[in-house]
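Engineer: Got a structure for you, questions after.
The values are calculated or read from the model by the stated rules, or taken from the named source; none is laboratory data. Nothing here was measured: the structure is a model prediction, and the numbers come from that model. So basically every Cβ, Gly included, is an ideal-geometry build from the backbone, and we count neighbours across all protein chains shown. Quick note on the areas: whole protein, heavy atoms, side chains included, nothing else; ligands and nucleic acids left out. Shrake-Rupley method; radii C 1.70, N 1.55, O 1.52, S 1.80 Å.
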Amino acid sequence: MLSLPKRRKIPSKPANVTIESCPPARNLSQRQIPEQLEQPGSQQILPSNFGYSQFVDQMDLSSTNVTSNTPEFQAVILAGYGNSLTPLTNDHKETASPKALLPIGNKPMITFPLTWLEDAGVTNVLLICPYSHRAAIAHHIHSGISSSFSTLRIDIQTYEDDNPPVGTCAVLRRFSSRIQSDFVILPCDFIPPPNLLLSTVLNRYRANIDQLLISTLFFQVPNDDEEKNCEDPQILPLVAYDEHSKTLLHVDYNTDMEADELTLHMRLLWKYPKVRIATRFADSHIYVCRRSILTVLALKPTLESFREDFLPFLCKTQYRKGKRFRWESVLNESTNVPNYPHSHSISSRATSRASSAPVSPITKVSNTSKSDIRCGIEIYTLKDGLAGRANTLKSYTRLNHALLHSGSSRTTPNGNLQNIDAKAQISSDCIIGPSARISERTSVKQSIIGQHCVIGRHVRISNSIVLDHVVIEDGAKIDGCILGRSAHIGAKAELSKCVTQPGYEVDAGAAIKNEKLETVEWDPRVEED
């Protein structure tokens, strides 16, 4: 048993609770392995990635100059309902409010992964969303606003609103016929920092394409996610990895596991004697995958969650003989095998698999491939810049303010001065959308104002996010709020730390604090628990 730092849990309603920061990841040295344990053969001790890291250190992995022989990846973008972002994603009358179009710094969040893909030279995109969201997302992608995505071939596929697939694994099974090559999965809500290039992640996969089943990206979570009044409970996984070879060895989201104990397979420790263990990283849900893992998903229909079920399963195939012997022939089945630009990329994956037909994982074969299989990991820390997923109200607010203070996405009122009264006070750390009207003696500080908003006189707005087409009448005070699209705030109303659904109306003179403002329709067919 290994002693571990306690897993950090972000409480749903913590009242004056202080949580200690997680200690740094620790090393498990060779000396901690029991001496009486019989050492395996030399083939098991010899690192399978010998020479790889030295070669990679000499490569410019951030380069986007990809030759015509470089394997092309297909991107799979998942744009779900956004249940964790309610009430912002509630329907407005008969109009859907797609999560993918919620703005980050006045840009629809799906703009960020699409731009990331375009910069990396990935052009073939499969975008999967609910049927009710298709029209709005397609209009955004094909409108003049998104003309910069002209190099992308975006195939929008939908699933029925009354029968949605449960979990990423189910989504991939349903649309596997449209994935024809190795692919990269991206959520529509991931906001990468400017200095993190997708091409860096893809090139690391290309550099060791013969071994990697999957390559993942984890990012460090800011400490403010542990502060009180955190809105959404979140469990950060326990991650074990080898820093030298960038190999993901173990990941666990099991909340019932003993907080101070972890069992690791000794075969894993012999192969990777310096395991690092951390509980401060979150899964970005970005996975660079072999296409053959779709075959495994088809053969294991009970798996639902990619990160909680399938990713731990793939990690175990690296060091458990039984799992590896059973699934290796399927995982190594031939998919797209181009001519690689680097000599080290030509290996058994391109040669041994081409001459053999896929073998059932149930059938035991004697000529199993000797090539190694690994799960890769990329770690992105806060010192490199803020990255994250806008998949909760807390993270959505944090990422908006991060872009606000960075100034990289800031738009100034230039060109809209005729709609902003000369006596209005707007601080330099604000983003004002086009065609927004701001009346006299109104103050806006550290806030984002969407397009076509109408703000009356003597209004005070601070630390807030105001989405498009919002109307705020005279004398209202807004502090630390998120106002949904087309919301209407009455005169002299006071809102503090509130979130409204699209189209919500606040009465004049109302005073509301720490509330989610939404209209709930009662359905007599739904029984109470």
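Engineer: Hey, among the residues in the range 162-183 that are free of Cβ contacts under 8 Å to residues at least 12 places away in the same chain and within 19 Å of residue 303 (Cα to Cα), which one's surrounded by the most Cβ atoms within 10 Å (Cβ to Cβ)?
Structural biologist: 165
Engineer: Another question, if that's okay. Report whether or not residue 161 is touching a strand residue (DSSP E or B) at 6+ places or on another chain (Cβ under 9 Å), over 18 Å from residue 307 (Cα atoms), of a type in the set (Asp, Glu) and not in a strand (DSSP E or B).
Structural biologist: yes
Engineer: Next question, about the same structure. Residues that are at pLDDT below 90: find the helices (runs of 4 or more DSSP H) completely inside the range 288-382 holding 3 or more of those.
Structural biologist: On the way: elements: 293-299, 311-316, 321-331, 348-351.
Filter on the range 288-382 gives 321-331, 348-351.
Engineer: Mind listing just one residue for me: the one in the range 383-403 that is part of a loop (DSSP other than H, G, I, E, B) and modelled with pLDDT of 80 or more and, of those, farthest from residue 289 (Cα to Cα)?
Structural biologist: 392
Engineer: For the range 244-259, name all the residues that are at pLDDT below 75 and open to solvent by 80 Å² or more (accessible area, probe 1.4 Å).
Structural biologist: 255, 256, 258
Engineer: Looking at the range 275-284, can you tell me whether even one residue there is at pLDDT 80 or above and outside any strand (DSSP E or B)?
Structural biologist: Yes - at least one qualifying residue is present in the range 275-284.
Engineer: Quick one: is residue 127 in contact (Cβ under 8 Å) with a residue 12 or more places away in the chain, open to solvent by less than 20 Å² (accessible area, probe 1.4 Å) and more than 29 Å from residue 397 (Cβ to Cβ)? Let's see the steps before the verdict.
Structural biologist: Values: in contact (Cβ under 8 Å) with a residue 12 or more places away in the chain: yes; open to solvent by less than 20 Å² (accessible area, probe 1.4 Å): yes; more than 29 Å from residue 397 (Cβ to Cβ): no.
No, not satisfied.
Engineer: Could you tell me how many of the residues in the range 474-505 are touching a residue at least 40 places away in the same chain (Cβ under 8 Å), closer than 20 Å to residue 446 by Cα and among the small types (Gly, Ala, Ser)?
Structural biologist: 1
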